[in-house]
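In what follows, a structure is listed as structure tokens, so that the remarks can point back to it.
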Amino acid sequence: MNKPSFIICADLHIRDDQPVCRTDDFLTAQTRKLKWLSELRRKYNCPILDAGDLFHHWKPSPSLLRYAINNLPDGMITVPGNHDLPSHSMELYEKSGLAVLQAAGKVEVLFDKSHRMDDISVCPFPWGTPLSSLSPLVRGHNIALCHVMTYQGRKP
């Protein structure tokens, strides 16, 4: 098996309350999944690309921020999702819990400039950013890291 160049995830929706639809111990399940991501990161020594909504709410509690700092894998690169932004607005990003994780150096947040790592080029499209064409690399991986609403049929 070849070594992966990156790990992709999205919509982790880290939260400190129990979702209504969950019947298990949600915090234990959430922690187990974050540890699994961390183990993959260590095993393959590659970045984790997250397509947004790292948090379930833009204003996580101090204890949830501490939990995220202690449990998120190193080497995460993300774009802001609608749940990460106050009023779903990029203009208010600096007030968000994601901005705190960025300031603490726990995650790298991409906004509007392509990010190059070895043979990987990541073009970020945070929530509310229109998708545009990408300039292809001569060789390597071109990734559009997007947080967009997806649905079938009529727009919600």
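The values are calculated or read from the model by the stated rules, or taken from the named source; none is laboratory data. Small disclaimer: the values here were computed from a predicted structure and weren't measured. We place every Cβ from the backbone using ideal geometry, glycine too, and count neighbours over all the protein chains shown. For accessibility, only protein heavy atoms count, side chains too; no ligands or nucleic acids. Shrake-Rupley method; radii C 1.70, N 1.55, O 1.52, S 1.80 Å.
Inter-label distance, Tyr151 to Trp36: 2.9 nm, where each label sits 7 Å from its Cα along the C-beta direction. For the set Lys43/Lys113; Lys3/Lys33; Lys113/Lys155; Lys43/Lys106; Lys35/Lys95; Lys3/Lys35, the pairs lying more than 24 angstrom apart at their alpha carbons are Lys43/Lys113; Lys113/Lys155; Lys35/Lys95.
The fraction of accessible area contributed by carbon and sulfur in the chain is 53 percent, rounded to a whole number (1.4 Å probe; ligands and nucleic acids excluded). FRET efficiency for the Ala103 to Ile8 pair, using the beta carbon distance and R₀ = 22 Å, is estimated at 0.35. Tell me, what is the FRET efficiency for Ile69 and Asp119 to the nearest 0.05, using R0 = 22 angstrom and their Cβ-Cβ distance as r? Working from the Cβ atoms, E equals 0.15. Taking the centroid of alpha carbons for each part, the range 29-44 and the range 82-96 are 27 Å apart.
Gain on full extension, evaluated as 0.36 nm per residue between Ser87 and Lys43 minus their Cα-Cα distance, stands at 12.1 nm. Each of Leu131 and Ser61 was given a label point 7 Å from its Cα along the Cα-to-Cβ line. The distance between the two points is 3.7 nm. Sequence-ordered 3J(HN,Hα) estimates for the range 90-98 from the Karplus curve with 6.51, -1.76 and 1.60 and θ = phi - 60° stand at 4, 4, 9, 3, 4, 8, 8, x, 4 Hz, glycine and proline given as x. Between Arg22 and His141, what is the FRET efficiency for a Förster distance of 35 Å, r being their Cβ-Cβ separation, to the nearest 0.05? Plugging the Cβ-Cβ distance into 1/(1 + (r/R0)^6) gives 0.55. The phi-based Karplus calculation (6.51 cos²θ - 1.76 cosθ + 1.60; θ = phi - 60°) puts the 3J(HN,Hα) values of the range 20-30 at 4, 7, 8, 10, 8, 7, 4, 4, 5, 5, 4 Hz, whole numbers, x for Gly and Pro. With contacts taken as Cα pairs under 8 Å at a separation of at least 6 residues, the chain carries a relative contact order of 20 percent. The residues of the chain expose, per residue, 61 Å² of accessible area to a 1.4 Å probe. Taking amide H positions as modeled 1.01 Å from N, with prolines and chain starts lacking one, the residues under 5 Å from Val107 and 5 or more places away or on another chain are Gln102.
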